[in-house]
Structure formats: structure tokens, C-alpha cells
Amino acid sequence: MYQGCKKYIPFHPISLPDRQWPDKVIDKPPIWCSVDLRDGNQALVDPMNLEEKLLFFQTLVDIGFKEIEVGFPSASETEYEILRTLIEKNFIPDDVTIQVLVQAREHLIRKTFEAIRGAKNVIVHFYNSTSTLQRKVVFKTDMQGVINIAVEGAKLIKKLTDEETAKSGINIRYEYSPESFSGTEIENSILICEKVMEVLEPTPEHKLILNLPNTVELATPNCYADQIEYFSRHIKNRDSIILSIHPHNDRGTAIAATELGIMAGAERVEGTLFGNGERTGNADIMVTAMNMYSQGVDPGLDFSHISDIRRMYEKCTKMKVHERHPYAGDLVFTAFSGSHQDAISKGEKYMASGATQYWEVPYLPIDPADVGRQYEPIIRINSQSGKGGAAFVLEQSFGFELPKAMHPEFGALVKNACDKAGRELKAEEVYEIFRKNYIDVHAPYNLKKYRLHDAGEGEVGTQVRFEGVIRFGHEDHIIGGTGNGPISAFFNALRSVGITDYQFVTYRENAISSGADSQAVSYIHLTAPDGSPAFGVGIDNNISLASIKGIICAINRAEQKKKGEMPV
């Protein structure tokens, strides 16, 4: 047994036996605030330069963010200059509010107010750490000591706001964060926030944002939700605040904590695209928003061009979006499992039938087209793929609609090729296997010439005459036969040269192109002399001739199989 775990202190949840949030559902989006340009930026090995920040900012505006934290202007000259550029070059739309972060320290607050001059709409976000651990280890003070820091910061911010508003008319709103909220005794969190409210005097018309950060994720998401609901119930003048959350991802559950936090009463969410941020990152706003979208809730953010957003993000941050990242990863709309592939294929057909007004495709929680992925492959093939997956690739990429009876045989051919290659097969490689095994099969019987014509009336109606030349045994043989249709006429022609032991079972056909150059493909199912199924494929502009080609293909494949000569 691993004894190292004994050195950790388990998290002690608050008592909330009458919690209400488990019965809630998310039926509307929160106010979204992106902190990519601050929290996400300071977490980078190489922080974004001015050009990259401007590109990122514009992308956030295009997505639909109305509140964007642009930086920590008192932290460095670079951060200061980037904010000044946004303001002076008029990059900030009138309906977008920029947010600036500052510690509750006098010289930093004054520097921040210098940085925001000339802006139209600003949230001044100030904070100080309140957790039990920080008070004990970092600040070596009691709760009253950190309350004093927050109150003095609030007083200075209110004073500077009144002065700046009188001079320029700037619209300044306030946000306060008791940093490390989740590690602070809940009553102390409420106390310090109420003391800040006494200074800033919010009203229902001019609300204060109280932001409750899960600065270090300490417990399961339900514990955070309990804290949010308790805070929301017990804070004074609840109608005068906007309750905001800022979850981190130390335990890998930031998105769950965000969703449960919204259910528990949070009205606003701070996070980043793709979850970037310090340590394990922040809550991923894109995933949280798209999760709402998948439940029929408009998130108020536009991720319909997720690949473009991803490219911008990777260019600006030098970070990579993982292949399995929800909604945006290369492989998230891809199925390798055979049973999954078969279910997706059937779901696609179900949708195409018009049987439902909703998106109902197994294994795909949203329509890939809704995030701009409609041209990407849905099914890909490796050694784990099943019989339906290979057939689906042929249909989606090349238009061949193999009958279900052919799926096991073709699927086995593709699986063998995957095993030999030791990797995934591309769609073109799947087609190449199909071509070699079902189209370019001209031995031992090679149909060199063929024609069909009307043979007049017979006992059972109009007769069809087949005439042609077939080569086998190094010789050409003239064949002919009459029947009540092209297929029976061809079988009778084959009997004239001794090919008599194949029984016709069924056929299926479909078009693989349209217009003047339209071609038909016929899928033939015969029974070979040994009783085994024999499948063949024929392609021609004339559907009758396509069927005839499919028959000779099926016979050739059966003969090659009997001799152990089938290609792969």
C-alpha cells in the first residue's frame, strides 16, 4: 500500500443537507468572461506579444464575448502598453467591456487607473487571498488582517472611480474576488465580501460582481457547488450582486465544477478557450458552452468555425489542442470501433430519411457541421474497425453502397490490410482494396465483348439476347444466350461454354455519379458450386451491362478463391 497519501489533509465539505442545486438544469447561459489574455497569457512559457494579443482579442470579440479580461496592467510595462494600444487604437467595440485585474494594493490600484483612462466600459477586478492556508503560511495574519486589505482597496478604488467618472464619464464597474475562496471558511468568505459591499454600496441597478474562485481545485465538484449555493443563500443584498465563478482544473474537473456552479446559482463564468491557464488550467469556456448547445441551449457564443479558432489559439499561445479535446480535437468526430462505425452509419441514414427533426446519430453528441467540421472524415479505419466501417467509408467518400451481405467479407479484407500495415488506413487505401478485389478482377474469365438487344416476344414476354466474347483457357469463346432479362440471358450464354454451377441470389444497384457521365454500379450475390457466397461488382453507364460485369466478377472471385489466388 502506498503510504505517501497519509501526509495530505482531506477536504472537509460544508454541511448543506437541503441543497437545491442537484435538481436544477441549465436552461440559459451565464455571462461569459474570457481571461485568456491575462490568466491564460501569464501561464505561457512565452507570453503573447502585442500582435498576438490583438489577434486573440479580435477573435474573442468575434466569438461573442462581451466581457474580456485584457491583463494585469500594473504588473509590467508590456501589459500596460498592450492595454493602452487597445484603448488608443479603438480596438474595443462599444458593447464590449474590458476587465483589468489588480491586487488590493495602493500603488498597483493607482497604476491600473492610469492604464484605463480613455476606455468607455471597464470592470476593475481587485482581489486578495483569503484562504486558511495563505493566512497561515504566506501572510501570517488573521482573518481581520485580510479583511482590512480588501476594505482599504475598495475604498481607494471607489475614490478613484468617482474622480475619473467626473472627469471623463467612463463607465466603471467593480469586481471583487476573495482569492482561494474554495479554501476559505465559508462564513469568512461571506464576511469579507459583505465588508467590501459596505464600501462599494452596490444596488440592484448597479451590481457588484462577487467572483468566487476555485483557485486551487481541492475537492469534487459537488463540494464547490455546495459552497456556491451556501454563499448565494446567505450573502446580504443578494439582488445587488452578480455571482461569478472562476474554476481551475487541478483535479481535472473544472468543467463539471462550472456546470454544477451554474446550477448552484452562479450567473457569470470566468474561463479560457481550450482551458488554458496556470498549472492544469482554467475552466474551458468552449467546452462548457458547447455542452449547453448540445442540450438545446443557445450559449450566446459562436463556435461554428472551431478549426479557425483553434488555429488562432495555437498560433498565439504556441500550445497544442489535444486530439481528444472535446469538440475541437482532430479525432473527436472519428470512430474506429466497428460497432460504433456501424451505428454511426445507420444514424446517418436515419437522419437522411427525414424521420426526425432532431440530431439523433449514435456516438456523435452534436452534428460536426455545427462546429464547421462537415468536411472532415467521420469514420476512419484501423485494425479495430468492424465490417460496417469499411463499407461506410466507401459510401461516404466514393459513393459505393455495398449491400449488407457484402460487409463481413469486405470488412475482413480491410482488417487484414490494417493488420499487415500496422496502422490506420486512409480512405483512398480502402478504395484501393475494393478496386483490386471487386472491380479489376478479369481472370480466369475475361469478358472482352458484349452486347444486349431485343430478341422479340417469347412465351413469357419480351426476350433479351446477349452476345459476346469471353476469353479463358488462353482462347476466345463466342457466347450467346436468350432470356427474359439481361441477367438470365447472360447465364444462358455462360451455359453454352460449360459455366453452369453458379446460382443467382440477388443484386443491388446505385448510381455513383450524376449527369451525362452518370455510371451505375451493380452488386451481385451468387452461390458458388461449393455452396459459399460469391460477390462481384460491375460498373457501366448501362445498368444491365453493369450487372453482367458484376456476375462475371463474382464468378472470377469464386474461382480465384478456390485456387487460393485472391488478392488483398
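So the values come out like this:
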read-out: Every pair of residues 6+ apart whose Cβ atoms lie under 9 Å, when the first sits in the range 265-286 and is within 20 Å of K207 (Cβ to Cβ) while the second is among the hydroxyl-bearing types (S, T, Y) and surrounded by fewer than 24 Cβ atoms within 10 Å (Cβ to Cβ); value: G265/S232; A266/S232
read-out: Failed condition for Q99, given (1) among the polar types (S, T, N, Q); (2) in contact with a Cys (Cβ under 7 Å, 6 or more places away or on another chain); (3) farther than 22 Å from P29 by Cα; value: (3)
read-out: Matching residues in the range 404-426 - criterion: being surrounded by fewer than 16 Cβ atoms within 10 Å (Cβ to Cβ) and either in contact with a His (Cβ under 9 Å, 6 or more places away or on another chain) or of a type in the set (G, A, S) (or both); value: A405, A412, A421, G422
read-out: Set L54, L37: member being assigned to a helix (DSSP H, G or I), more than 18 Å from A283 (Cα to Cα) and modelled with pLDDT of 95 or more; value: L54
read-out: Residue within the range 26-34 that is closer than 17 Å to D302 by Cα, touching a Lys or Arg at 6+ places or on another chain (Cβ under 7 Å) and assigned to a loop (DSSP other than H, G, I, E, B) present; value: yes
read-out: Among the candidates L191, L208, residue that is without any contact (Cβ under 8 Å) to a residue 60 or more places away in the chain, assigned by TED's automatic domain parsing to the domain that holds T280 and touching a strand residue (DSSP E or B) at 6+ places or on another chain (Cβ under 7 Å); value: L208
read-out: Close pairs from the range 392-415: first under 20 Å from Y350 (Cβ atoms), partner charged (D, E, K, R) and not in a helix (DSSP H, G or I), Cβ under 6 Å, at least 6 apart; value: E395/E401; P403/R508
read-out: Test: residue in the range 116-132 that is in a loop (DSSP other than H, G, I, E, B), free of Cβ contacts under 8 Å to residues at least 40 places away in the same chain and of a type in the set (V, I, T); value: no
read-out: Residue list for the range 478-496, restricted to those being surrounded by 16 or more Cβ atoms within 10 Å (Cβ to Cβ) and not small (G, A, S); value: I479, T482, P486, I487, F490, F491, N492, L494
read-out: Failed item, numbered, when I309 is tested on (1) modelled with pLDDT of 95 or more; (2) over 15 Å from D36 (Cα atoms); value: (2)
read-out: Residue pairs meeting the criteria (Cβ under 6 Å; at least 6 apart or on separate chains; first under 22 Å from E175 (Cα atoms) and β-branched (V, I, T), in the range 246-262; second at pLDDT 95 or above and assigned to a loop (DSSP other than H, G, I, E, B)); value: T258/A283; I262/I26; I262/P30
read-out: Residue match in the range 516-538 (condition: outside any loop (DSSP other than H, G, I, E, B), touching a Pro at 6+ places or on another chain (Cβ under 6 Å) and of a type outside the set (D, E)); value: yes
read-out: Residues within the range 396-451 that are among the acidic types (D, E), within 17 Å of G536 (Cβ to Cβ) and assigned to a helix (DSSP H, G or I), tallied; value: 1
read-out: From the options Y375, Y327, residue that is buried (at least 18 other Cβ atoms within 10 Å of the Cβ) and either within 19 Å of the chain's Cα centre (by Cα) or modelled with pLDDT of 90 or more (or both); value: Y327
read-out: All positions within the range 539-568 that are in a loop (DSSP other than H, G, I, E, B) and over 21 Å from P408 (Cβ atoms); value: N541, N542, K563
read-out: Qualifying residue in the range 342-353 (condition: within 17 Å of the chain's Cα centre (by Cα) and assigned to a helix (DSSP H, G or I)); value: yes
read-out: Selection status of K167, more than 24 Å from W32 (Cβ to Cβ) and without any contact (Cβ under 8 Å) to a residue 24 or more places away in the chain; value: yes
read-out: Count of residues meeting criterion [within 25 Å of I285 (Cα to Cα) and in a loop (DSSP other than H, G, I, E, B)] in the range 58-92; value: 7
read-out: In the range 457-479, the residues that are small (G, A, S) and in contact with a Lys or Arg (Cβ under 9 Å, 6 or more places away or on another chain); value: G468
read-out: Residue check for I478: touching a helix residue (DSSP H, G or I) at 6+ places or on another chain (Cβ under 8 Å), in the same structural domain as F535 (by TED's automatic domain parsing) and among the β-branched types (V, I, T); value: no
read-out: Single condition L133 does not satisfy, out of (1) touching a Gly at 6+ places or on another chain (Cβ under 8 Å); (2) at pLDDT 95 or above; value: (2)
read-out: Qualifying positions in the range 251-277 - in a helix (DSSP H, G or I), among the aliphatic types (A, V, I, L, M) and in contact with a Gly (Cβ under 9 Å, 6 or more places away or on another chain); value: A254, I255, L273
read-out: Cβ-Cβ under 6 Å pairs, at least 6 apart or on other chains, the range 52-63 side of a type in the set (G, A, S), far side buried (at least 24 other Cβ atoms within 10 Å of the Cβ); value: none
read-out: Number of the condition not met by N49 [criteria: (1) crowded, with 16+ Cβ neighbours inside 10 Å; (2) free of Cβ contacts under 8 Å to residues at least 60 places away in the same chain]; value: (1)
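Here is a yes/no grid of residues against (1) surrounded by fewer than 19 Cβ atoms within 10 Å (Cβ to Cβ); (2) on the phi > 0 side of the Ramachandran plot; (3) more than 38 Å from the chain's Cα centre (by Cα):
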residue	(1), (2), (3)
G118	yes, yes, yes
K136	yes, no, yes
M143	yes, no, yes
S168	yes, no, yes
S177	no, no, no
S182	no, no, no
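Matching residues to (1) of a type outside the set (A, V, I, L, M, F, W, C); (2) more than 16 Å from F11 (Cβ to Cβ); (3) under 28 Å from the mean Cα position of the chain (by Cα):
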site	(1), (2), (3)
L210	no, yes, no
A219	no, no, yes
I228	no, no, no
R238	yes, yes, no
P247	yes, no, yes
G252	yes, no, yes
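The values are calculated or read from the model by the stated rules, or taken from the named source; none is laboratory data. In this text the structure is predicted, and so the values were computed from the model without any measurement. Every residue, glycine as well, gets a Cβ built from its backbone with ideal geometry; the counts of neighbours run over all protein chains shown.
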